[in-house]
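Notes to accompany the following structure.
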Amino acid sequence: MTEVEIHTEYIQLDQMLKLAGAIPSGGMVKELIAEGAILRNGAPETARRRKLFPGDVITIDSESYRVVRA
């Protein structure tokens with residue numbers, strides 16, 4: 001599991017995935033959400049600008065990313 005450090009209270013889903021290097025662009029997040037390919041804490045995510053807080057886990061194609069506070 002890859003940890004993604006943030007210095008703020010929360011980070012938006014699309015920003016976190018770009019920061020983690022999981023996707024090349026924010027537009028790709030929209031496509032992955034439409035396909036049901038992004039899971040947040042084990043449940044399919046429906047909003048690309050969802051606020052993620054420390055402890056949230058995002059999974060895409062068996063790759064997991066945990067939001068942690070720096």
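The values are calculated or read from the model by the stated rules, or taken from the named source; none is laboratory data. Note that the coordinates shown come from a computational prediction; the quantities given were computed from them, not determined experimentally. Using ideal geometry, Cβ is built from the backbone for each residue, glycine included, and neighbour counts are taken over all protein chains shown. The protein model used for the area step is the full one, side chains on, heavy atoms only, and it has no ligands, DNA or RNA in it. Shrake-Rupley method; radii C 1.70, N 1.55, O 1.52, S 1.80 Å.
When restricted to residues that are open to solvent by less than 40 Å² (accessible area, probe 1.4 Å), under 22 Å from GLU3 (Cβ atoms) and at pLDDT 90 or above, region 24-49 contains 4. Scan region 1-58 for residues that are more than 19 Å from ARG69 (Cβ to Cβ) and of a type in the set (Lys, Arg) and the total you get is 3. In region 1-14, what residues are out of contact with any Gly (no Cβ under 8 Å at 6 or more places or on another chain) and either open to solvent by 70 Å² or more (accessible area, probe 1.4 Å) or without any contact (Cβ under 8 Å) to a residue 40 or more places away in the chain (or both)? MET1, GLU3, GLU5, HIS7, THR8, GLU9, TYR10, listed by residue number.
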